[in-house]
Amino acid sequence: MSDGDIGARGEVGVMLGGVRRRVCLTLGALAEIETGLGVQGLAAAAERMRALSARDLMVVLGAVLRGGGEDRPNVGAVDPREAAQAVAAAFEAAAR
């Protein structure tokens with residue numbers, strides 16, 4: 001397990017605004033991402049995620065934070081670079 005892994009399969013710890021938080025790409029998070037991005041299916045979501053707008057990034061980050069256990073994640077003040085890294089970490093962990 002890397003130092004970013006928390007324990008549950010696909011869960012990973014990330015730093016957002018100096019606070020360690022947990023992200024996880026769950027089935028619920030995937031459904032939320034599809035809805036939030038206005039797409040249907042994983043292929044369409046993957047295509048859309050190649051060029052995310054700031055709003056899209058907030059949608060995806062919120063979904064993976066909820067997948068990690070947060071009820072109402074505040075993502076509006078998160079640094080965009082940290083947000084992108086957290087989202088990438090969630091997808092990488094899900095692929096393991």
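The values are calculated or read from the model by the stated rules, or taken from the named source; none is laboratory data. Nothing here was measured: the structure is a model prediction, and the numbers come from that model. Note that each Cβ is placed from the backbone with ideal geometry, even for glycine, and that neighbours are counted across all protein chains shown. With ligands, DNA and RNA removed, areas are computed over all heavy atoms of the protein, side chains included. Shrake-Rupley method; radii C 1.70, N 1.55, O 1.52, S 1.80 Å.
For this structure, a couple of remarks:
- Some residue of the stretch 15-26 being within 13 Å of the chain's Cα centre (by Cα), in contact (Cβ under 8 Å) with a residue 12 or more places away in the chain and part of a helix (DSSP H, G or I): no
- Residue, surrounded by the most Cβ atoms within 10 Å (Cβ to Cβ), within the stretch 47-74, restricted to residues that are within 11 Å of the chain's Cα centre (by Cα) and aliphatic (A, V, I, L, M): V64
- Annotation: of all residues in the stretch 31-41 being without any contact (Cβ under 8 Å) to a residue 24 or more places away in the chain and assigned to a helix (DSSP H, G or I), the one that is least open to solvent (accessible area, probe 1.4 Å) is L37.
- Annotation note: Cβ proximity below 6 Å between a residue of the stretch 74-85 that is free of Cβ contacts under 8 Å to residues at least 60 places away in the same chain and a residue that is of a type outside the set (A, V, I, L, M) and part of a helix (DSSP H, G or I) (sequence gap 6+ or interchain) occurs for V75/G62.
- Condition met for A44 (surrounded by 11 or more Cβ atoms within 10 Å (Cβ to Cβ) and in contact (Cβ under 8 Å) with a residue 40 or more places away in the chain): no
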